Amino acid sequence: QVHVVESGGGLVQAGGSLRLSCAASGTHSSIDYMAWYRQAPGKPRELVASISSGGDTNYADSVKGRFTISIDNAKNTVYLPMNSLKPEDTAVYYCAVVVGVRHYWGQGTQVTVSS
């Protein structure tokens, strides 16, 4: 069973920064890619950013230029520094780990941006 643990959420003022981390453990197969999703109250979960084990990245338009995803394959850890945060970035952020066709999710970490 793959275990996924997120950290780094919190409360920050608009314009501030936070750095999310996500570590995966327990996988006996190579991770194909890791991603961050977020879900705000009353809204569907949306992809924020993803990165493959080879370093290919994908971002939601709303975060391009402000968030940067990176991966440490040796540690099965993905990082998401978030800069110039906006109130609309407020959400629970979830890490997803993809191994083959299976997705494993973390418990989520709250990010709150005050105006």
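The values are calculated or read from the model by the stated rules, or taken from the named source; none is laboratory data. Keep in mind that this is a model prediction, so the values were computed, not measured. Ideal geometry is used to build each Cβ from the backbone, glycine not excepted, and the neighbour counts take in all protein chains shown. Accessible surface is based on the protein model in full, side chains and every heavy atom, while ligands, DNA and RNA are left aside. Shrake-Rupley method; radii C 1.70, N 1.55, O 1.52, S 1.80 Å.
For the reader, a short list of remarks on this structure follows.
- Exposed loop sites here mean trypsin sites (Lys or Arg not before Pro) with a DSSP loop assignment and at most 16 other beta-carbon atoms within 10 Å; the chain contains its longest site-free run at 1-44.
- Percent accessible area from carbon and sulfur atoms, segment 12-75, protein chains only, probe 1.4 Å: 46 percent
- Unit Cα scatterers, Debye sum, the chain: log10 I(q)/I(0) for q = 0.13, 0.15, 0.17, 0.24 Å⁻¹: -0.44, -0.59, -0.75, -1.42
- Most simply put, the chain has about 90% antiparallel DSSP beta bridges, counting only bridges with both residues inside it.
- Within straight-line cross-link reach of residue 43, lysines at Cα separation under 25 Å, skipping those fewer than 8 residues along the same chain: 64, 86
- Two-site FRET efficiency, residue 75 against residue 17, from Cβ-Cβ distance with R₀ of 22 Å, rounded to 0.05: 0.50
- Within straight-line cross-link reach of residue 75, aspartates and glutamates at Cα separation under 20 Å, skipping those fewer than 8 residues along the same chain: 6, 32, 56
- On a per residue basis, the chain carries 52 Å² of accessible surface, using protein heavy atoms and a 1.4 Å probe.
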